[in-house]
Every structure is written in C-alpha cells, then in structure tokens.
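S.K.: This is the structure I have questions about; it appears just below.
The values are calculated or read from the model by the stated rules, or taken from the named source; none is laboratory data. Bear in mind the structure is a predicted one, so any value in this text is a computation, not a measurement. A quick note on method: Cβ atoms are made from the backbone with ideal geometry, for glycine too, and the neighbour counts reach across all protein chains shown.
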Amino acid sequence: MLSYILYLVFLIPLCFLNNSWWLIQNLLFFISLIFLFNINFFSWSNLSYVFGFDYLSYGLVMLSFWICVLMIMASYSVIRYKFYNNLFLFMILMLMMMLYFTFCSLSLISFYFFFEGSLIPTLFLIFGWGYQPERLQAGVYLLFYTLFASLPLLLGILYLYNNSNYLVFSLMYMYDFFNFYLYLSMILAFLVKMPMYLVHLWLPKAHVEAPVSGSMILAGVLLKLGGYGLLRVFEYLMNIGIIINMFWLSISLIGGFLVSLMCLRQVDIKALIAYSSVAHMGLVVGGMMTLNIWGFYMTFVLMIAHGLCSSGLFCLANISYERLGSRSLLINKGLLNLMPSLTLWWFLLSSCNMAAPPSLNLLGEIGLFNSMMGWMWMVMLFLMLISFFSAAYTLYMYSYSQHGVYYSGMFSSVSGYGREYLLLML
C-alpha cells in the first residue's frame, strides 16, 4: 500500500527534469501493471491505519492509473510545444495521488478531504490548458456546483462522528440511520458529482473547455467518484433509502431520456460525448437507487466500462480536432476520406458507447435493466427510450462525422501517428 504512495511521490521530482515525460509515462504504466497483478480476492486487503483496498477501490484505482498513462500519451501537443509541460505532468501526478487516496481511504473524513482535493488539480488543468477563454466560466461552474453540495456532506460526516464516534467504512454497516436531513446531506454531493440530471450543467461546460487530458480524466475517473461515494454511504442509509430513493430514480431516468434527446441536437462532438456520459450516469444512479445486489454490482461494471469507452471517444475527438482545428459536426464531415484508419476506432468505440454486444457496457446495462425492472416494471418504458436514443445519438455522431462530403480544402489522406494507435488500443 505504502509502496504505491511512495512510488507516486518519487515520480514528482521527475516532472521537473527537461525531457522526462516518456519516463513518467513508462513508470506509470509499470505501476499499473504491478497493481494489476496485486489483486486478491478477499474482502479488505493491504490495510494500514488510513488506507485499504476493496474490490471497488481496486477496480477504480486500476482505472485511474490506466487513464493517467493515456492522458500523458494523448496530450503530446502540450509536451511538444513546451507549454509548461513540467507543471502539466505535476498536475497529473497530483491528481493521480488524490484519486488514489480517495479510492483507498478507510475513514469517511479522509475520503471527504481527498474527494474535494481532487477538484483542485482538475480545475488547474481546465484553467491552464483549456481551449477557449470561456474556460474560466466552466471552471467556476465546476467549482461552485461541487462546493455547494459538499459542505452539507462535511456536516453530515461530523454529525455521524458525533453520534457513533468513528467513521470507518467497514464498521459503518452496523448502524442504520433514519434521518432525512442526514440522508440528503450525505447523498447530494455524490449526486452532483455523478452528475444526476438536474445538477449536470457543469459537466458539458467543463468537458468542452477542458484539454483532452482533462476531459479524459473527468469522464474516466472523476465521474466515478460520485458512484463510489454512493456505494459507500448506502451501507448505513439503507432503511431511509428504501423509502426516498424512488424520487431520485425517477429523476435520473427521466433525465437520462431528456439528455439523450439533447444529444441529438448537438453540433459539438465533445458536448455530445459529455451529454451521453450524463445519460449513462443516469442509468447508473437509477440502478444504484434500487439498492439490490444486481444494482450495486452492475453500477460498478458500467462505471468501469463507461470510463474506458468515454475517454477513448474524447481522445478520438481530440485527434480530429488537432488535425482539422474544429470540433463541429457540421464541418468535420467525411472523416472517412481523411483518416480511413481511424474510422475503425470511431466505429468500435461508438458501438461500445451504445452498448453493442462484445462490450462491457452491454453487461452493465443489462444488469441495471434487471435491477430496475425487478424493482418496478413501470420503469420499462423509460429504459426502452434510453436504450433506443442512446443508440440513436451514437449513430448520429458516427455517421455525421465519418460519412458525408468532405468539407474543407485539404484533400490529402492523413493517417494518425503510431502514438495514437497505441493509445486507442490500450
């Protein structure tokens, strides 16, 4: 446990060497490999006083290591143009450490501390390396949505500590609090982070303004923080959750349907992918709120699958953006003529996004449908609509970007770099 932490800490001075980004990338790759072989199938492992592993934390830490490697691979333009690349790597490592601590913390208060701390490097990534001047507005949106919801979380944690005198996750299941305000304060911060439908407005803004690495880590891991927190706090909010959760479930399902409709009228590729991740997370929230075992397992599966697939799509959008200088679907038609080899990757990741059979997303969505229909069969209507429209907007994105008449004046055929193929393959 401590070895990983020291590994990450000793990577920090390497940021400030001159051309050391490949070194950091390879070392992060190695640590993810070491971490992969370290899984064990017991309940809690690698315990220390503050940190420890679970199944849940294991999968999510693995995902965040993986996506950090891919972030450094994807944002080669920052490194090539020497645009404060040392600070950039430093931010990525700080974010990695924060995520690692968040997923592995045993006590609620340290979880809260690192949960909020992971906001700061993300904010710096958006402010420092974003694309348009509106990134200030996007960063402020992100900051205030998260902070308004997270102060009640701190108060709820302090209330718990006052009542039960400890805050360890693995001991919390002995309690079953029946307190509406506690329930609301504990759950609201994670619902904003997920994001649920009514509080999702920060996500498309932040995604459109963020650099590609910011988008990848935002879609890949920071959305999973909310799901992880919900899975952890429902251990002691079961009884009241059974009563009130119907409200959140209906909001997230109706919201997923409405967001799928909003996807169909987007012209910005990144905004479309961001809204699609809101729709996926609506399914995740809905399945988690049913509080049965199918829902809990399958939220985990769909979170992992969505992290991999969505960050891959953001990476593809960035590759075409670096070539063409535009993210609009109206201009970037006919990429099939321009980059024939990348079309295969567009197709594979799009089919994963609409949960076609070989993907993990299919498994997760089928399990969530199971859990929600076992809870109430009326949900079937919205589940059908969400499934159908998810396939619809994914096909819309794929066909509009790959087919059609090529718009711009460049009639050359551009193939991607080997780096990009490696990146998408991982």
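S.K.: Please count how many residues of region 13-43 are under 24 Å from the mean Cα position of the chain (by Cα), exposed (fewer than 15 other Cβ atoms within 10 Å of the Cβ) and among the hydrophobic types (A, V, I, L, M, F, W, C).
M.R.: Qualifying residue count for the region: 6.
S.K.: Something else now. Taking into account only those residues within region 312-355 that are loosely packed, with under 15 Cβ neighbours inside 10 Å and without any contact (Cβ under 8 Å) to a residue 60 or more places away in the chain, which is farthest from I386 (Cα to Cα)?
M.R.: Only one residue tops the list, namely G325.
S.K.: Given the conditions (1) surrounded by 23 or more Cβ atoms within 10 Å (Cβ to Cβ); (2) more than 23 Å from the chain's Cα centre (by Cα), and given that N361 satisfies all but one, which numbered condition is not satisfied?
M.R.: Against the list (1) surrounded by 23 or more Cβ atoms within 10 Å (Cβ to Cβ); (2) more than 23 Å from the chain's Cα centre (by Cα), N361 comes up short only on (2).
S.K.: Have a look at L261, L336 and point out the one that is at pLDDT below 90 and either of a type outside the set (D, E) or touching a Lys or Arg at 6+ places or on another chain (Cβ under 8 Å) (or both).
M.R.: That would be L336, the only listed residue that is at pLDDT below 90 and either of a type outside the set (D, E) or touching a Lys or Arg at 6+ places or on another chain (Cβ under 8 Å) (or both).
S.K.: Which one of these does F65 not meet: (1) farther than 25 Å from I319 by Cβ; (2) in contact with a helix residue (DSSP H, G or I) (Cβ under 7 Å, 6 or more places away or on another chain); (3) buried (at least 16 other Cβ atoms within 10 Å of the Cβ)?
M.R.: Answer for F65: the failing condition is (1).
S.K.: Tell me which residues, restricted to region 134-149, are of a type outside the set (V, I, T) and either surrounded by fewer than 20 Cβ atoms within 10 Å (Cβ to Cβ) or free of Cβ contacts under 8 Å to residues at least 60 places away in the same chain (or both).
M.R.: If the condition is that a residue be of a type outside the set (V, I, T) and either surrounded by fewer than 20 Cβ atoms within 10 Å (Cβ to Cβ) or free of Cβ contacts under 8 Å to residues at least 60 places away in the same chain (or both), then E134, L136, Q137, Y141, L143, F144, Y145, L147, F148, A149 are the ones that fit.
S.K.: Which pairs turn up if I take residues in region 387-399 that are without any contact (Cβ under 8 Å) to a residue 40 or more places away in the chain and look for partners that are surrounded by 23 or more Cβ atoms within 10 Å (Cβ to Cβ) and assigned to a helix (DSSP H, G or I) with beta carbon separation below 8 Å, at least 6 apart in sequence or on another chain?
M.R.: S387/E365
S.K.: Give me the residue from region 381-409 that is among the small types (G, A, S) and at pLDDT below 90 and, out of that set, surrounded by the fewest Cβ atoms within 10 Å (Cβ to Cβ).
M.R.: G409
S.K.: Search region 150-191 for residues being of a type outside the set (D, E, K, R) and assigned to a loop (DSSP other than H, G, I, E, B), and hand back the single one that is surrounded by the fewest Cβ atoms within 10 Å (Cβ to Cβ).
M.R.: Across region 150-191, the extreme among qualifying residues is N165.
S.K.: Then there's this: Which one of the conditions (1) in contact with a Ser or Thr (Cβ under 6 Å, 6 or more places away or on another chain); (2) closer than 30 Å to G156 by Cα; (3) buried (at least 23 other Cβ atoms within 10 Å of the Cβ) does F114 fail to meet, given that it meets all the rest?
M.R.: For F114, the exception is condition (3).
S.K.: Does E116 fit the bill of being of a type in the set (D, E) and without any contact (Cβ under 8 Å) to a residue 60 or more places away in the chain?
M.R.: yes
S.K.: Turning to a different aspect of this structure: Determine which member of the set K224, K270 is within 30 Å of G325 (Cβ to Cβ), in a helix (DSSP H, G or I) and either touching an Asp or Glu at 6+ places or on another chain (Cβ under 8 Å) or touching a residue at least 40 places away in the same chain (Cβ under 8 Å) (or both).
M.R.: Result of the check over K224, K270: K270.
S.K.: Restricting the first residue to region 356-367 and requiring it to be farther than 17 Å from S277 by Cα, which pairs with a second residue that is among the hydroxyl-bearing types (S, T, Y) meet a Cβ separation below 9 Å and a spacing of at least six or different chains?
M.R.: Every condition considered, the pairs that remain are P357/S351; P358/S351; G367/Y297; G367/T299.
S.K.: So for region 79-102 (the condition being modelled with pLDDT of 90 or more, surrounded by 21 or more Cβ atoms within 10 Å (Cβ to Cβ) and polar (S, T, N, Q)), does at least one residue qualify?
M.R.: The answer is yes; a qualifying residue exists.
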